[in-house]
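What follows is a short report on a single structure.
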Amino acid sequence: MMNKIKSEKRLCLICMEEHEVDTVEVMETEVFKDEEVSFIATYEYCSNADEYLETEEMIKANSLSMKDAYREKVGLLTSAEIIGIRGKYDVSQKDFSEILDWGRATITRYENHQVQDRAHDDVLRKIDYDPKWFLEMLKRAKERISEKAFNKYYHEASEQYKKKRNQYLMDSIKAVYADLEDEDLTGRAELNLSKVVEMINYLASKVASLHKVKLMKMLWYSDNLHYKRKGTSISGLAYNALPMGAVPEGYDQIVLLEGVKYDTVCYGENVGYRFKPAAEFEIKELTQPEIETLDDVIQQLGNLNTDEIVHKMHEEEAYKCTDSNCLIPFSFAKMLTID
C-alpha cells in the first residue's frame, strides 16, 4: 500500500520528463540479522513509468527505518531513543562517546546506521534511568573533554538527578519494606507512598504547629484507628517503638518525598521541622472513609502538644507490649484508646 506524502512538479529522474513527482511511503519487509522486519520506506514515485526511485538521502533514511524496526522487534533502543538520551543531558555525539569510554564515532554510528550490541544498549538504558550514575561517569571523563563542556554537562545531569531524586527516595523506602511479609506489621495494606504524602499534607492543613514527633504519632493513630474500624491501615506503613513513641520505618526518607513541605525552625541550639501543606496539594488517593478517620484523629489529638501526644502514645497497650526498637503489631489496634 502506497501513501502519498507530497507532490512537486519538476524533472522526473525516472522518465526524464517534467511532471508531478510524488514522494510516497511504502510498507516494506526485509530480513536483517535473521529477523524478518516490516518498516515504512520512502521513495519518489513516477506515475508515468509506475516506478520508484530511492535518492541517496532516502537510502540512508530507509536503512535506518529498517534497522529501527529490527531494534524494536528484539528489544533494543531505537536511534531516536538514543538521540533522546543524549539530548536529555545536552551532550554532543563525540563527548558522549568519550564519557562512555567508547570509540569516538560510536554514538554517531548508533544514531545513524549501526545497530548497537546488547551490552551497549544496557549502558544507555542505565544512563537514561540513572542520572546519578551518569554524573559519576562524567567525573571520570573530566580530563577527556573541555572544561566548558564538562560544566555544561554536569549542570544538565545535576538537574536530571534532582528530577529523579523523588524516585530514588521512593525506591529506598520500598527496599526497607521489601522484606516485611507479616501483614500484621503493615496493617494488611500495601505500602502506598502517594497516600502517605497526602496524609501528611492533610494533617498539616488541619493541625497548627505540626512538628515531626507529633506528625509521626498522628500517622500511627490514623493507620491504627482505620485498622480498628475497617481491618486495614491507610498507608501500609510499619511503625517502630522508639523512645518518643511510634515512628514509621524509613521516616527520614519519607519527610523528604516530593510533595512534603516543612519550615525549619530554630529552638535555641536545636532545629525543628514544622510541616505545612504543599501549595499544589489535592486529594487523589485517599478515600472518603480514610479522610473521615483522619478527621477523627485530628479532632481527638490535634490540639495536644508534643509532650502530651508522646505521653498518650506511651499509655497505649500496643506500645507497652512491644519491645523497644521493634515493630508494633496492628493486632493491638482493637485496644486503641481513641474511637
Sorted peptide list for 21-30, 103-112, criterion being average Cβ within 10 angstrom, highest first: 103-112, 21-30
Neighbour-count order for C326, C266, C46, fewest beta carbons within 10 angstrom listed first: C266, C326, C46
Net lengthening on full extension, L135/A208 (0.36 nm per residue, minus Cα-Cα): 22.2 nm
Dipole magnitude of the chain, debye to nearest 20 (Cβ charges: Lys/Arg +1, Asp/Glu -1, about Cα centre): 1440 debye
Paramagnetic label zone (point 7 Å from Cα along Cα-to-C-beta, S172; backbone N under 12 Å) in the stretch 117-161: none
Relative counts (whole %) of C-alpha pair distances in the stretch 173-238, using bins that are 5 Å wide: 4, 18, 27, 24, 18, 8, 2, 0
Dipole magnitude (debye, nearest 20) for the stretch 2-74, charges at Cβ of Lys, Arg, Asp, Glu: 260 debye
Most positive-pole-ward Cα, L138, A119, I85, against dipole of the stretch 79-172 from beta carbon charges: L138
Estimated dipole of the stretch 150-227 in Debye, rounded to 20 [Cβ of Lys and Arg +1, of Asp and Glu -1, Cα centre]: 620 debye
Rg(Cα) / (2.2 N^0.38 Å) computed for the stretch 79-172, rounded to two decimals: 1.05
Neighbour-count ranking [beta-carbon atoms within 10 angstrom, fewest first] of Y161, Y89: Y161, Y89
Label-point gap, in nm, between Q300 and K33 - each point 7 angstrom along Cα→Cβ: 6.3 nm
K162 versus I291: modelled label distance in nm, points set 7 Å from Cα along the beta carbon direction: 3.3 nm
Given (1) 95, 49, 38; (2) 70, 50, 34; (3) 56, 47, 39, the label whose value is Cα extents along the principal axes in Å derived from this model: (1)
Overall form of the stretch 2-74 per C-alpha gyration tensor (a/c, 1.5; a/b vs b/c): prolate
For the stretch 205-337: rounded, prolate or oblate by the Cα gyration tensor [a/c cutoff 1.5]: oblate
Highest-first arrangement of 307-319, 279-291, 217-229, where packing means the average Cβ count within 10 Å: 217-229, 307-319, 279-291
Relative packing of 93-100, 189-196, 130-137, which averages over residues the other C-beta atoms within 10 Å, highest first: 93-100, 189-196, 130-137
Positive-pole candidate from S172, Y129, M218, dipole of the chain, charges at beta carbon: M218
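Every read-out reported here was derived from the displayed coordinates using simple, explicitly stated rules and does not represent laboratory data. Here the structure is a predicted model, which is why all the values come from computation and not from measurement. Using ideal geometry, Cβ is built from the backbone for each residue, glycine included, and neighbour counts are taken over all protein chains shown.
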